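Notes to accompany the following structure.
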Amino acid sequence: MRIVLLGAPGSGKGTQAVRLKSQLGVAHISTGDLLRAEVAAGTALGVKAKAVMEAGQLVSDDIMLGMLENRLAQPDAAGGFILDGYPRNLAQANALDALLVRIGQPLDMAVLLEVDNELLFQRLAGRAQAEGRKDDNPETVRERLRVYAAQTAPVVGYYRERGQLAALDGVGTLDEVYARIVAAVGARR
Ligand code: B4P
């Protein structure tokens, strides 16, 4: 299966992708994790990305596409993948389609986790306390949610128009949300 996981910051994408990856036996590709690894390694790209991420903005489309292309070329992605955090705007959605056609791995579906803003704030405040991620402070979270509404929400329509979208309620326990995802993915297999 080749799946895009969509949702606002804190909607549960990363959390659920980890479980789904084990069940489907596919690669979990989180562009946020890839960027955080660059930051931790102190690469030139990481230095550039750090400031952008801490401001709650999106890293440039060129950098993200190059990074994704490299990751998809690794052997574990040949048997399918869950893309978590990409695409985040319409340009990335178009670039992804072109890339997947080029490598002969077309997308099967997009899964959207829907959660209201108040709960997103609560979850990210919880993660800020637990993990201390710099971009989880309230001011940056507000900006990330604004960027999501302006740039990423249109991507939902992109997949809906193609008949590839499963829009799911992302509110509930981890198990409840996961069960909805498994049912939606099962229906497309
Ligand atoms: P990401 O790493 O993608 O961060 P995120 O949107 O917060 O999602 P994440 O997957 O980590 O969190 P989740 O909802 O699972 O991006 C970080 C930054 O990287 C971006 O702001 C941007 O700057 C940059 N970036 C990444 N991709 C990019 C791209 N394609 N283009 C440009 N820039 C890019 O979990 C959040 C919290 O909620 C957790 O604590 C979790 O435990 C909790 N939670 C989840 N589900 C729950 C549930 N059902 N009940 C209770 N709590 C729950």
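For Ala167, which sequence-distant residues (separation of 5 or more, or a different chain) have an amide H within less than 5 Å of its own amide H, given hydrogens modelled in the peptide plane?
Amide H neighbours of Ala167, under 5 Å, 5+ apart: Leu112.
Considering only C-alpha atoms, what is the centroid distance from the range 6-55 to the range 121-157, in Å?
The range 6-55 and the range 121-157 have Cα centres spaced 13 Å from each other.
Add +1 for every Lys or Arg and -1 for every Asp or Glu among the other residues with Cβ under 15 Å from the Cβ of Ala40, and state the total.
Counting the neighbours of Ala40, the net charge comes to 0.
Under unit Cβ charges (Lys, Arg +1; Asp, Glu -1), what dipole magnitude, rounded to 20 debye, does the range 32-101 have relative to its Cα centre?
The dipole magnitude comes to about 160 debye.
So, in Å, what gap is there between the alpha-carbon centers of the range 162-189 and the range 87-113?
Cα centroid to Cα centroid, the span is 19 Å.
Collect residues whose amide H, placed 1.01 Å from N in the peptide plane, falls under 5 Å from the amide H of Ala27; neighbours closer than 5 in sequence don't count.
Gly80, Phe81, Ile82
Go ahead and run the numbers for FRET between Lys134 and Ala183, Cβ-Cβ distance against an R0 of 30 Å, rounding to 0.05.
0.25
Express the accessible area of the chain per residue in Å², computed with a 1.4 Å probe while the remaining protein chains stay in the model. Working shown, then result.
Values: 9090 Å² over 189 residues.
For the chain, the per-residue accessible area is 48 Å².
Mind listing the long-range amide H neighbours of Gly7? Cut-off is under 5 Å, sequence gap 5 or more, other chains count too, H placed in the peptide plane at 1.01 Å from N.
Leu113
Using only the alpha carbons, work out the radius of gyration and Dmax of the chain in angstrom.
Radius of gyration, then largest Cα-Cα span, for the chain: 15.7, 43 Å.
Going down the table (Lys13/Lys50; Lys21/Lys50; Lys48/Lys134), which pairs top 25 Å between alpha carbons? Let's see the in-between values first.
Working: Lys13/Lys50 21 Å; Lys21/Lys50 27 Å; Lys48/Lys134 15 Å.
Violating the 25 Å Cα-Cα cut-off are Lys21/Lys50.
Sequence gap at least 6, Cα distance under 8 Å: using those rules, report the relative contact order of the chain to the nearest whole percent.
33 percent
Magnitude of the Cβ-charge dipole of the range 2-188, K/R +1 and D/E -1, about the Cα centre, nearest 20 debye?
Computed charge dipole of the range 2-188: roughly 180 debye.
The values are calculated or read from the model by the stated rules, or taken from the named source; none is laboratory data. The model shown is predicted, which means the values in this text are computed figures rather than measured ones. Glycine gets a Cβ as well: all are built from the backbone with ideal geometry, and neighbour counts include every protein chain shown. In case anyone asks, the SASA skips ligands and DNA or RNA and just uses the protein heavy atoms, side chains included. Shrake-Rupley method; radii C 1.70, N 1.55, O 1.52, S 1.80 Å.
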